[in-house]
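**Q** What follows is a structure written as structure tokens; I'll ask about it next.
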Amino acid sequence: MSIRDVYIVDAVRTPIGKFGGAVAAVRPDDLAAHVVRSLVDRTPELDPARIDDVYFGDANGAGEDNRDVARMAVLLAGLPVSVPGVTVNRLCGSGLEAVIQAARAIAVGDASVAVAGGVESMSRAPWVVQKPERAFPAGHQQMYSTTLGWRMTNPKMPAEWTVALGEGAELIADRHGITREQQDAFALDSHRKAAEAWAKGHYDAEVVPYAGVDLARDECIRESSTPEALARLKPAFRAGGSVTAGNASPLNDGAAALLLVDEEGLRATGREPLARIRSSAVTGIEPQLFGLGPVEAVRRALAKAGKGFGDLTTFELNEAFAAQSLGCLAQWPDLDPAVVNPRGGAIAIGHPLGASGARLAGAVAHQLAAAGSGTGLAALCIGVGQGLALVLER
């Protein structure tokens, strides 16, 4: 069996909203439907009935994104009912996992045209209550927030594995001697680059605002922030620590989607592809050190593609925390930091969990198209200790 080339024809995303902000009133299935519909509308030569499958990442799935949000997006977007949909969950890496699974299906001939993406509404993530062991309990019942982090944790899990995500970032800062000042400087740079990219129109080709929502650009960008303002913020996870709300990614709402095709599918779109998928890799690591998950995944993905750090034109590394991003970058001495997140990262843009990986892959594809040629990489750390990476080229 021959392996087919897989191309990214287009990629779109919503502006990323802040927790409780402009997008909070929009259901996640509607957000997902919006990017799917926008993607199809931007390729009018493609008959939507030719889409073999829709893969969507979603990290929560406990609220309005329940019962296979990918299929719901297909139906709400008005695609033919013959188009199926599957929802995948690799927590923070779910959107990128969706892209990889769609690409794999095309590569082995199971599909010719696929949509892959991700969605998350952290604002609308519900509280949940466990079912009582017997009917009509007399006492109070514990309610859990599903917005982020560990919940209903299995007591068999070692305590060192189940620390808060922010404490995991503190552990990385301890291990690699990353200071508060370094983290704050990294965060400021993320906001500066994102603001400049929006001002220069670099996001115009990929962002599709949601009708009826007054949000034209990512809501969490703070170009007016200063070192002094960040220095005043208190540590959020540990007394005397260095991880704050200012040097961590926020809670967010948003969606992203990509159109993937083989050669036959490419002809059906009548378009030139943005990029071609070369390789991917996933790895595991101790859960409390989840932030370093991309280190080995990136190395493996590059090796599979026959590439090195010196070959990279652009590298979108998800900024869950400044400490974890800096911890990863320290492990890649051959990487030119100038190619990393050239248009800002998640600290400024936002991190809607299930959507982030698809956003990163789409950003790399658009950047490669703008450059005309090159090699790009998208990577994320993943809660509970995993790393995921994807290599693209043009």
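**Q** Is it the case that some residue within segment 145-153 is of a type in the set (S, T, N, Q) and not in a loop (DSSP other than H, G, I, E, B)? Break it down stepwise before answering.
**A** Taking segment 145-153 as the starting set, the residues that turn out to be of a type in the set (S, T, N, Q) are 145-147, 153.
Those left that are additionally not in a loop (DSSP other than H, G, I, E, B): 145.
Scanning segment 145-153 turns up at least one residue that is of a type in the set (S, T, N, Q) and not in a loop (DSSP other than H, G, I, E, B).
**Q** Same structure, new question: How many residues, within segment 297-353, are part of a loop (DSSP other than H, G, I, E, B), open to solvent by 40 Å² or more (accessible area, probe 1.4 Å) and farther than 26 Å from THR179 by Cβ? Before the answer, list the steps.
**A** Step one: filter segment 297-353 for residues part of a loop (DSSP other than H, G, I, E, B), giving 306-308, 318-320, 331-336, 341-345, 350-352.
With open to solvent by 40 Å² or more (accessible area, probe 1.4 Å) added as a condition, the list becomes 306-307, 331, 333-334, 336, 342.
Still in the list and also farther than 26 Å from THR179 by Cβ: 306-307.
Residues flagged as part of a loop (DSSP other than H, G, I, E, B), open to solvent by 40 Å² or more (accessible area, probe 1.4 Å) and farther than 26 Å from THR179 by Cβ within segment 297-353 amount to 2.
**Q** Continuing with this model, one more query. Looking only at segment 69-90, count every residue that is surrounded by fewer than 20 Cβ atoms within 10 Å (Cβ to Cβ) and either assigned to a helix (DSSP H, G or I) or among the acidic types (Asp, Glu) (or both) and tell me the total.
**A** As a first pass, look at segment 69-90 and keep what is surrounded by fewer than 20 Cβ atoms within 10 Å (Cβ to Cβ): 71, 75-76, 78, 80-82, 84, 86, 89.
Restricting the remaining residues to those that are either assigned to a helix (DSSP H, G or I) or among the acidic types (Asp, Glu) (or both) gives 71, 75-76.
Summing the residues that are surrounded by fewer than 20 Cβ atoms within 10 Å (Cβ to Cβ) and either assigned to a helix (DSSP H, G or I) or among the acidic types (Asp, Glu) (or both) in segment 69-90 gives 3.
**Q** From the list ARG151, ARG90, which residue is more than 21 Å from PHE237 (Cα to Cα) and charged (D, E, K, R)? First the steps, then the outcome.
**A** Numbers: ARG151 fails: more than 21 Å from PHE237 (Cα to Cα).
The conditions single out ARG90.
**Q** Residue check, ALA330 against (1) aliphatic (A, V, I, L, M); (2) in contact with a strand residue (DSSP E or B) (Cβ under 7 Å, 6 or more places away or on another chain); (3) closer than 21 Å to GLU296 by Cβ, all met but one. Which one?
**A** (2)
**Q** Let me ask another. Quick check on segment 1-41: of everything there that is in a strand (DSSP E or B) and either open to solvent by less than 20 Å² (accessible area, probe 1.4 Å) or in contact with a Lys or Arg (Cβ under 8 Å, 6 or more places away or on another chain) (or both), which residue is farthest from CYS220 (Cα to Cα)?
**A** Here is the first cut: in segment 1-41, the ones in a strand (DSSP E or B) are 7-13, 17-18.
Pick out the ones that are also either open to solvent by less than 20 Å² (accessible area, probe 1.4 Å) or in contact with a Lys or Arg (Cβ under 8 Å, 6 or more places away or on another chain) (or both) and you get 7-13, 17.
On the way: TYR7: 31, ILE8: 28, VAL9: 29, ASP10: 25, ALA11: 22, VAL12: 19, ARG13: 16, GLY17: 7 Å.
Among them, the one singled out is TYR7.
**Q** Could you identify the single residue in ASN252, ASN341 that is out of contact with any helix residue (DSSP H, G or I) (no Cβ under 7 Å at 6 or more places or on another chain) and closer than 30 Å to VAL208 by Cβ?
**A** Within the list ASN252, ASN341, the selection yields ASN252.
**Q** Is it the case that segment 249-257 has a residue that's of a type in the set (Gly, Ala, Ser), crowded, with 22+ Cβ neighbours inside 10 Å and more than 19 Å from the chain's Cα centre (by Cα)?
**A** Narrowing segment 249-257 to residues of a type in the set (Gly, Ala, Ser): 249, 254-257.
Still in the running and crowded, with 22+ Cβ neighbours inside 10 Å: 249, 254-257.
Filter once more, so that each one left must be more than 19 Å from the chain's Cα centre (by Cα): none.
For segment 249-257, residues of a type in the set (Gly, Ala, Ser), crowded, with 22+ Cβ neighbours inside 10 Å and more than 19 Å from the chain's Cα centre (by Cα): absent.
**Q** Does at least one position in segment 55-68 carry a residue that is surrounded by fewer than 20 Cβ atoms within 10 Å (Cβ to Cβ), in contact (Cβ under 8 Å) with a residue 24 or more places away in the chain and in a helix (DSSP H, G or I)? Even if it seems obvious, please write down each step before you answer.
**A** Taking segment 55-68 first, the residues surrounded by fewer than 20 Cβ atoms within 10 Å (Cβ to Cβ) are 61-64, 66-68.
Next cut, in contact (Cβ under 8 Å) with a residue 24 or more places away in the chain only: 61-64.
Filter once more, keeping what is in a helix (DSSP H, G or I): none.
There is no residue in segment 55-68 that is surrounded by fewer than 20 Cβ atoms within 10 Å (Cβ to Cβ), in contact (Cβ under 8 Å) with a residue 24 or more places away in the chain and in a helix (DSSP H, G or I).
**Q** Turning to a different aspect of this structure: Which residue pairs have Cβ atoms under 6 Å apart, sit 6 or more places apart or on different chains, and have a first residue in segment 246-257 that is part of a strand (DSSP E or B) and a second that is buried (at least 24 other Cβ atoms within 10 Å of the Cβ) and among the charged types (D, E, K, R)?
**A** Listed pairs, sorted by first residue: ALA256/ARG13; ALA256/ARG359.
**Q** If you don't mind, there's one more thing I want to ask. Consider only pairs whose beta carbons are under 7 Å apart and that are at least six residues apart or on different chains; among these, list those whose first residue lies in segment 195-214 and is farther than 12 Å from SER38 by Cα and whose second residue is small (Gly, Ala, Ser) and outside any loop (DSSP other than H, G, I, E, B).
**A** TYR203/ALA197
**Q** Another one. With the checklist (1) closer than 17 Å to PHE56 by Cα; (2) in a helix (DSSP H, G or I) in hand, flag the one item ALA365 doesn't pass.
**A** Single failed check for ALA365: (1).
**Q** Right, something else. When segment 189-203 is examined, which residues are found to be assigned to a loop (DSSP other than H, G, I, E, B) and under 19 Å from the mean Cα position of the chain (by Cα)? Step through it out loud before you land on a result.
**A** Pass one, segment 189-203, residues assigned to a loop (DSSP other than H, G, I, E, B): 200-203.
Selection gives HIS202, TYR203.
**Q** May I pose another question? Kindly indicate the residue of segment 354-374 that is open to solvent by 10 Å² or more (accessible area, probe 1.4 Å) and touching a Leu at 6+ places or on another chain (Cβ under 7 Å) and also nearest to VAL298 (Cα to Cα) among those meeting that condition.
**A** Result: GLY374.
**Q** Quick one: in segment 160-188, which of the residues that are among the small types (Gly, Ala, Ser) and under 21 Å from the mean Cα position of the chain (by Cα) is nearest to ARG343 (Cα to Cα)?
**A** Within segment 160-188, the subset among the small types (Gly, Ala, Ser) is 164, 166, 168-169, 173, 177, 185, 187.
After this cut, where a residue has to be under 21 Å from the mean Cα position of the chain (by Cα) as well, the list is 164, 166, 168-169, 187.
Numbers: ALA164: 29, GLY166: 24, GLY168: 26, ALA169: 23, ALA187: 13 Å.
Filtering segment 160-188 for residues that are among the small types (Gly, Ala, Ser) and under 21 Å from the mean Cα position of the chain (by Cα), the one nearest to ARG343 (Cα to Cα) comes out as ALA187.
**Q** Hey, another quick one. Can you tell me which condition SER224 does not meet? The list is (1) of a type outside the set (A, V, I, L, M, F, W, C); (2) touching a Gly at 6+ places or on another chain (Cβ under 7 Å); (3) modelled with pLDDT under 95, and all the others hold.
**A** For SER224, the exception is condition (2).
**Q** Does segment 134-155 contain any residue that is in contact with a strand residue (DSSP E or B) (Cβ under 7 Å, 6 or more places away or on another chain), of a type in the set (S, T, N, Q), under 19 Å from PRO250 (Cα atoms) and surrounded by fewer than 16 Cβ atoms within 10 Å (Cβ to Cβ)?
**A** Checked segment 134-155: at least one residue is in contact with a strand residue (DSSP E or B) (Cβ under 7 Å, 6 or more places away or on another chain), of a type in the set (S, T, N, Q), under 19 Å from PRO250 (Cα atoms) and surrounded by fewer than 16 Cβ atoms within 10 Å (Cβ to Cβ).
The values are calculated or read from the model by the stated rules, or taken from the named source; none is laboratory data. Please read all numbers here as calculations on a predicted model, not as lab measurements. Heads up, the Cβs are rebuilt from the backbone with ideal geometry, glycines too, and the neighbour counts pull from every protein chain shown. The protein model used for the area step is the full one, side chains on, heavy atoms only, and it has no ligands, DNA or RNA in it. Shrake-Rupley method; radii C 1.70, N 1.55, O 1.52, S 1.80 Å.
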